[in-house]
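> Pasting a structure here, questions to come.
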Amino acid sequence: MLRPFTAACLIVACFWANVPISHANTASGKTEKKSNAKSSAKKSAADKNATESAWDADTAGQAEARLIEIYKLIGSGQNKEALERSTKLVREYPNFQLAHLVHGDLLASRVRPIQTVGDIPDVPAGTASSNLNDLRLESARRIAALREPVPAGLVPSQFLALSTASRHAIAIDASKSRLYLFENTSAGLKQIANYYITVGKAGTSKLVEGDQRTPLGVYYITSNLDPKSLKEFYGAGALPISYPNVLDSKRGKTGSGIWLHGTPPNQFSRAPQASDGCVVLANPDLLHIINTVAVRTTPVVIAPQLQWVQPQKARAEAKSFEDTLNAWRTAKSSGKTDQVLKFYTQDFSSGGKSLAQWTPTLQAEMQKFQGRTIELKNVSFLRWNDTAETMVVTFGEVAKGLKFGLTKRQYWVRENNQWKIFFEGTI
């Protein structure tokens with residue numbers, strides 16, 4: 001016989017439904033970097049150190065994997081086993097709000113049918129209802145990742161060619177609240193992890209400073225911020241990315257301080273849309289990424305929805321562009337300025353210089369090669385396709401016979417079925 005339902009069961013679920021999922025006091029100015037948000041109750045130094053030690057000891061993705069196992073048990077009608085596991089999960093992760101909500105549902109299910117995650121009768125309107133809806137959406141996104149896994153061997157369509165200098169790559173699917181981490185192996189890209197993430201309160205497609213949107217495009221991790229220099233709001237650390245990139249600036253987009261960062265000690269995760277534009281992960285997941293990827297060479301693709309393709313298809317689609325890149329290299333090796341300039345757009349710019357102003361720089365570079373054939377080494381090109389098809393290209397430019405040269409990044413755009421360069425700079 002089922003044990004009698006007590007008010008305490010409902011109180012547990014209601015309490016965790018009311019824990020804030022996003023910080024209402026976050027400043028809307030310069031993104032979360034400028035946030036003045038503080039915890040409602042300060043933890044002691046000992047508590048904070050204990051929490052940080054737990055981040056270090058935890059295995060990335062472990063808490064979510066255990067929650068998913070609980071979902072599976074519920075789906076197969078094994079509620080008793082699910083309750084036992086959820087009891088242990090909330091004890092070990094006291095700040096995992098969604099786990100507490102599921103635990104509360106399992107307690108309530110002992111006396112009545114549960115129709116949905118967070119099945120709490122008569123929830124008052126306002127903050128409690130809003131936060132409960134956030135938790136339900138978080139649950140739905142996590143379950144979708146279980147039900148709709150990426151088929152083995154597929155890669156995001158943006159990754160056409162990745163240099164061995166990039167040992168890892170990151171792709172983010174905003175529609176699924178998911179970050180995918182890849183290792184760049186000799187056999188190609190291999191997915192090694194995927195994590196639940198949070199994006200901006202207003203969604204994606206960042207346009208201006210303070211719009212609370214997460215940017216879309218191809219970026220690179222630019223630095224690794226020391227967590228000791230950050231407010232505890234950012235959790236285990238932060239990895240800034242290169243927003244605005246060249247294409248963003250060309251389109252007039254503004255803003256700064258877009259990071260991959262963690263959560264404060266009293267939150268395991270946040271709602272799918274809860275940041276001021278940054279990408280937010282649970283601290284154990286972020287720490288795994290921080291300890292895995294390299295600064296400057298790790299690309300980060302943020303897409304509204306990732307398109308997954310077979311690697312051989314990506315390579316085939318890269319071939320026509322690769323031919324164009326080699327044609328540019330051949331033209332530059334020839335030393336003929338007019339032949340090289342055919343590969344540049346009329347609105348080309350570099351360092352604030354127009355094509356005409358930059359041409360002497362090009363000629364000086366060509367003169368240094370003194371007729372030597374130019375070789376391109378460690379070539380990467382990543383495709384971005386929205387209102388225009390763009391290619392972000394990184395390579396080492398070296399004269400044949402020499403070991404060292406400049407590392408360059410170019411932005412190409414397809415105009416009337418022809419690829420042309422609208423930016424070129426030295427890294």
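The values are calculated or read from the model by the stated rules, or taken from the named source; none is laboratory data. Please read these numbers as outputs of a predicted model, since none were measured by experiment. Positions of Cβ are backbone-derived with ideal geometry, glycine not excepted, and every protein chain shown enters the neighbour counts.
> Can you tell me how many residues within region 116-165 are at pLDDT 85 or above and on the phi > 0 side of the Ramachandran plot?
Count: 1.
> Can I ask one more? Would you mind finding the one in ASP347, ASP323, ASP338 that is among the acidic types (Asp, Glu) and closer than 19 Å to LEU382 by Cβ?
On the way: ASP347 fails: closer than 19 Å to LEU382 by Cβ; ASP338 fails: closer than 19 Å to LEU382 by Cβ.
Being among the acidic types (Asp, Glu) and closer than 19 Å to LEU382 by Cβ holds for just one of ASP347, ASP323, ASP338, which is ASP323.
> Another question, if that's okay. When you check GLN312 against the structure, is it loosely packed, with under 13 Cβ neighbours inside 10 Å and part of a helix (DSSP H, G or I), yes or no? It would help to see each step written out before you state the result.
Working: loosely packed, with under 13 Cβ neighbours inside 10 Å: yes; part of a helix (DSSP H, G or I): yes.
Considered against the rule, which asks whether it is loosely packed, with under 13 Cβ neighbours inside 10 Å and part of a helix (DSSP H, G or I), GLN312 comes out as yes.
> Which helices (runs of 4 or more DSSP H) sit wholly inside region 38-107 and have at least 1 residues that are at pLDDT 70 or above and in the same structural domain as LEU137 (by TED's automatic domain parsing)? Before the answer, list the steps.
Numbers: elements: 45-57, 62-75, 79-92.
Because the criterion is at least 1 residues that are at pLDDT 70 or above and in the same structural domain as LEU137 (by TED's automatic domain parsing), the helices (runs of 4 or more DSSP H) in region 38-107 that meet it are 62-75, 79-92.
> Can you name every residue in region 225-259 that is of a type in the set (Gly, Ala, Ser) and part of a helix (DSSP H, G or I)? Outline the logic, then answer.
The first filter runs over region 225-259 and keeps only residues of a type in the set (Gly, Ala, Ser), leaving 229, 235-238, 242, 249, 252, 255-257.
SER229, SER249, listed by residue number.
> I would also like to ask the following. Please go through region 245-271 and pick out each residue that is within 30 Å of PHE348 (Cβ to Cβ) and among the hydrophobic types (A, V, I, L, M, F, W, C). Quick ask: steps written out before the conclusion?
So in region 245-271, the residues within 30 Å of PHE348 (Cβ to Cβ) come out as 245-258.
Residues satisfying the conditions are VAL246, LEU247, ILE258.
> Suppose we filter region 315-330 for residues that are buried (at least 17 other Cβ atoms within 10 Å of the Cβ), farther than 17 Å from VAL155 by Cβ and aliphatic (A, V, I, L, M); how many remain?
Total meeting the criteria: 1.
> Modelled with pLDDT of 95 or more, assigned by TED's automatic domain parsing to the domain that holds ILE374, of a type in the set (Asp, Glu) and more than 15 Å from the chain's Cα centre (by Cα): is that true of GLU322 in this structure?
Numbers: modelled with pLDDT of 95 or more: yes; assigned by TED's automatic domain parsing to the domain that holds ILE374: yes; of a type in the set (Asp, Glu): yes; more than 15 Å from the chain's Cα centre (by Cα): yes.
Yes: the conditions hold for GLU322.
> In region 208-224, which residues are among the small types (Gly, Ala, Ser) and either part of a loop (DSSP other than H, G, I, E, B) or free of Cβ contacts under 8 Å to residues at least 24 places away in the same chain (or both)?
Scanning region 208-224 gives GLY210, SER223.
> When residues of region 219-240 are filtered for being crowded, with 19+ Cβ neighbours inside 10 Å, under 28 Å from LEU135 (Cα atoms) and in contact with a strand residue (DSSP E or B) (Cβ under 9 Å, 6 or more places away or on another chain), how many remain? Walk me through it before giving the result.
In the first step, residues of region 219-240 are kept if they are crowded, with 19+ Cβ neighbours inside 10 Å; the result is 219-221, 227, 232-240.
Now narrow it down to the ones that are under 28 Å from LEU135 (Cα atoms): 227, 232-240.
If we keep only those that are in contact with a strand residue (DSSP E or B) (Cβ under 9 Å, 6 or more places away or on another chain) as well, we get 227, 233-240.
Qualifying residue count for the region: 9.
> Identify the residue in region 165-197 that is surrounded by fewer than 20 Cβ atoms within 10 Å (Cβ to Cβ) and β-branched (Val, Ile, Thr) and, among all such residues, is farthest from ALA314 (Cα to Cα).
Looking at the filtered set, the residue picked out is ILE192.
> Any idea which of (1) assigned to a helix (DSSP H, G or I); (2) within 19 Å of LEU281 (Cα to Cα) is the one THR263 doesn't satisfy?
Against the list (1) assigned to a helix (DSSP H, G or I); (2) within 19 Å of LEU281 (Cα to Cα), THR263 comes up short only on (1).
> Can you pull out every residue in region 345-383 that is within 30 Å of ASP173 (Cα to Cα) and touching a helix residue (DSSP H, G or I) at 6+ places or on another chain (Cβ under 7 Å)?
PHE381
> Within region 380-406, take every residue that is crowded, with 17+ Cβ neighbours inside 10 Å and of a type in the set (Val, Ile, Thr) and give me the one that is nearest to the chain's Cα centre (by Cα).
Among them, the one singled out is VAL392.
> Working only within region 331-383, note down all residues that are in contact with a Ser or Thr (Cβ under 8 Å, 6 or more places away or on another chain) and among the hydroxyl-bearing types (Ser, Thr, Tyr).
Within region 331-383, SER333, THR337, SER350, THR359, THR361, THR373, SER380 meet the criteria.
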